[in-house]
Structures are given as structure tokens and as C-alpha cells.
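**Student:** Let me begin by handing over the structure; questions about it come next.
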Amino acid sequence: MKERIVLFSHFSKSGELPTCSRRMLLSIKEQGWVFIVISNFLNSEALEWCKLQGMEWILRDNKGRDFGAFQHGLFYLKQEQRLANCMGLILLNDSVYLRCDYLQSSWVRFLNGLDDTLLAITDSYQNGYHLQSYALNIPPLIFNSTQWHNFWRLLNISGSTAAIIRNGEIELSAHLLRAGFKLKALHPVLDLRRLSGSTQFFEWLKMQLDASQQRMVHDYIAAQARVSSCIINPSHQLVITSLFDGAPLVKRDLLEANPSAVPDPFFFASSVDWFDAEEMVGYLKPPLVGFKGSGLIQKILRKLYNFSTRIQR
């Protein structure tokens, strides 16, 4: 049977599948895709929802994080001989939030994919050119190739998060480029940099913000203009520009902790339909702040988390 398959990597200590993740999965299902949810833990309610939606699931340890999950899913598809009849393949993880007005974004373009090109939402030059792997749409020309299978067969999913990113996300793009395959981002970092300084973008800001708010965003963009494009993470530093450009996804860690101190996307919530506040309740896991001794608590929790992660691997 011909099918288009999504491998969805999910991680949760409580086994919950947040409302916004379900909305994202259903938006893809509406386009005719079938799902395999690959998770460390799904509680009974989440499993019942997957069953109701006709979605398959695989439960595994979190070894290798997203790339370990994708490797496991791809080995499963090969074992079940489903890739031969697969018309499309998407690798997607749960680190992203699908904007509420996604029909006005490039989401459907991403889901439609390209016949001869690996398609992503964004790309990056950090530590070597690569497509950012939170969402990848791969055509049969690539996922049926020897080069694709060799990459996943030889991928080492042990080691630190940095090692997994280097050996997985960055090396996947390099490996496919060396093999002569085409890669494309719908919102390339260099285009977003140009757009950040455009009259079009500043005119849009004027419609969204008052004068003092505009100055804050202008000051941030001016500071970023002094930073090389090669060390910018567009999913963080260029998030407002990418949303303006029609990017459909926002990284969860940006909404939770904003590590790059960019103008908060929630800052625009009164004038654009990007977020649903009710969905955030079960989705965001912000860091502890503001409590006496919270710095010490955070250090202890971080050590416990790192220790538990090593055990899971």
C-alpha cells in the first residue's frame, strides 16, 4: 500500500502528548500522512488518543535523542519493508510549536515537499552548513538511496548532545551534499538576515508595535547586524523575522527560556494570531527562577537530569 510516513520523535517524563503537539500532528494527518510516534513514554490517555487517530507508536529508551529515535524508526520501516511503497517521509520532533495561523505560513508547502530535494524550514551555518533537523521532508529519491541508508546504518548515537548534533544533524547535510543531493530551506538564514533590514519588515513592525517597542526590536536587530551569519541560529536570533516571513514553527526552548535574549515572540501576541495561551499550560517547561536558593536548586536539578539522561542512554 502506498503511504506517506511521518516519524515523530517525542520525549516526556510524564508520558503526556501536549494539545499543541496533537494539533500539529492532526494538521499533517489532514494532508494524508500516516504517523509513527517514537517515544520514551506515552501515558494511557496519550496511547488511547494515538489509537483513536490510527497512529502507530514505538516505545524506546531516549538513547541518541531525536536522531536515535529517527534511526530506530527507519530501521523499523526497513524491517517491515515499508520504504519501498513509501511516497514521502518526514522526520519531525516535539521541540517545536506550530503557529495557530499555520495556513498563512509555509506549512503546507513544507508538507508537499519536493521531488528531488531534501526540504527543511530553516538552515544554519553554525559549525558547518546544515538544514535544521527539527522538521525534514525527504523524497523517495533520497531515502531509497544507498547513501541515505549508509548514513543511518553507521550513525553513532552515543555521546553528548553536542556529539549527537555534530554526528547527526550537521553530518547528515554534509553527507548528502557530498553525495550530490539537493538541500533546500524554505526560510534560509541568509534571506532572513536580508529581510531583517528591509523596509518591508520595519513597516510591518510599525503596524504591530508602539514607538518604544519598535526601538527595542530595532536595537536588537542593529546589534545582530554586527554578528556573522555563520554563527547565528535562525530558529532563535531571527525568530521574529522568520515568523514574519511565514515560517510555521517556533522552538519550544525559545518560548521557555529565550537563551539568546531575543525580543519575546509573545510580545507580539496582542496583534498576531501565532499562539494559543491555553496550549502553553501543558507544553512549556520553564526553568526555576525567583525562589530563594533557586540557583542551587537549578544546579542540583541539572545534575540529576544529566545523570538520569546518562542512565537512559
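Values in this text are rule-based calculations from the coordinates and carry no lab data. As the structure is a prediction and not an experimental result, all values here were calculated from the model. Ideal geometry is used to build each Cβ from the backbone, glycine not excepted, and the neighbour counts take in all protein chains shown.
**Student:** Tell me the net charge near Phe8. Cut-off is 12 Å between Cβ atoms, Phe8 excluded, with +1 for each Lys or Arg and -1 for each Asp or Glu. Walk me through the intermediate numbers first.
**Tutor:** Working: positive: Arg22, Lys29; negative: Glu56, Asp66, Asp94.
So the surrounding residues net to -1.
**Student:** If Lys and Arg each add +1 and Asp and Glu each add -1, what is the summed charge of the other residues whose beta carbon sits under 15 Å from the beta carbon of Arg166? Each step should come with its number before you reach the end.
**Tutor:** Values: positive: Arg65; negative: Asp66, Glu169, Glu171.
Value of the local net charge: -2.
**Student:** Quickly estimate the mean residue ellipticity at 222 nm for the chain, helices only: each DSSP H run with n ≥ 4 gives -39500 (n - 2.57), and the total goes over all residues, rounded to 500. Walk me through the intermediate numbers first.
**Tutor:** Values: 16 runs with 136 residues, N = 313.
Dividing the helical sum by the residues of the chain leaves -12000 deg cm²/dmol.
**Student:** Another question, then. Which of Thr161, Thr199, Thr19 has the fewest other C-beta atoms within 10 Å, and how do the rest follow up to the most?
**Tutor:** Numbers: Thr161 10, Thr199 7, Thr19 15.
Fewest-to-most Cβ neighbours within 10 Å comes out as Thr199, Thr161, Thr19.
**Student:** Hey, got the dipole for the chain? About the Cα centre, +1 on K and R Cβ, -1 on D and E Cβ, debye to the nearest 20? Please report the intermediate quantities before stating the final value.
**Tutor:** Working: 33 positive and 28 negative charges, 217 e Å.
Around 1040 debye, computed over the chain.
**Student:** At Ala162 and Lys206, where each label point lies 7 Å from the Cα along Cα→Cβ, what is the point-to-point distance in nanometres?
**Tutor:** Reported label-point gap for Ala162 and Lys206 is 4.5 nm.
**Student:** Another question, if that's okay. Fewest to most neighbouring Cβ within 10 Å: what's the order for Leu177, Leu186?
**Tutor:** Details: Leu177 14, Leu186 22.
Going from least to most buried by this count: Leu177, Leu186.
**Student:** Towards the positive end of the charge dipole of the chain, with charges on Cβ (+1 Lys, Arg; -1 Asp, Glu), say which of Asn62, Leu205, Thr122 has the farthest Cα.
**Tutor:** Asn62
**Student:** Give me a comma-separated list of calculated 3J(HN,Hα) values for the stretch 155-166, in order, Karplus coefficients 6.51, -1.76, 1.60 applied at θ = phi - 60°, integers in Hz, x for any Gly or Pro.
**Tutor:** Those phi angles translate into 5, 8, 9, 8, x, 6, 4, 4, 5, 5, 5, 5 Hz.
**Student:** Report the extension gain between Asn127 and Asn112 in nm, rounded to one decimal, defined as 0.36 nm multiplied by the number of residues separating them, less their alpha carbon distance. Display every interim value, and only then the final one.
**Tutor:** Numbers: separation 15, 0.36 × 15 = 5.40 nm, distance 2.93 nm.
Extra length available between Asn127 and Asn112 comes to 2.5 nm.
**Student:** A follow-up question, please. Under a GNM of the chain (C-alpha, springs under 10 Å), which listed residue has the highest mean-square fluctuation: Ala277, Ala163, Ala135?
**Tutor:** Ala277
**Student:** Right, something else. With contacts defined as alpha carbon pairs under 8 Å and 6 or more residues apart, what's the relative contact order of the chain in percent? Don't skip to the end; give the middle numbers.
**Tutor:** Numbers: 452 pairs, mean separation 60.6, N = 313.
Here the relative contact order equals 19 percent.
**Student:** Would you work out the Kirkwood radius for the stretch 30-82? I mean one over the mean of 1/r across all pairs of different Cα atoms, in Å. Let's see the in-between values first.
**Tutor:** Numbers: mean 1/r = 0.0837 Å⁻¹.
For the stretch 30-82, inverting the mean 1/r across all distinct Cα pairs yields 12.0 Å.
**Student:** Moving on to the next point. Largest first and in whole Å, give the semi-axes of the stretch 135-229's equivalent ellipsoid, each being the square root of 5 times a Cα gyration tensor eigenvalue.
**Tutor:** After scaling each eigenvalue by five and taking roots: 39, 17, 11 Å.
**Student:** Starting with the fewest neighbours, write out Cys86, Cys50 ranked by other beta-carbon atoms found within 10 Å of each beta-carbon. Numbers along the way, then the final one.
**Tutor:** On the way: Cys86 17, Cys50 21.
Lowest to highest Cβ neighbour count: Cys86, Cys50.
**Student:** Note the direction-averaged projected area, equal to a quarter of the hull surface, for the Cα convex hull of the stretch 3-187, in nm². Display every interim value, and only then the final one.
**Tutor:** Numbers: hull surface 40.2 nm².
That works out to 10.1 nm².
**Student:** How much length, in nm to one decimal, is gained on full extension between Ala225 and Asn43, taken as 0.36 nm per residue of separation minus their Cα-Cα distance?
**Tutor:** That works out to 60.9 nm of additional length.
**Student:** Direction-averaged shadow area of the convex hull around the Cα atoms of the stretch 120-170, nm²?
**Tutor:** 3.9 nm²
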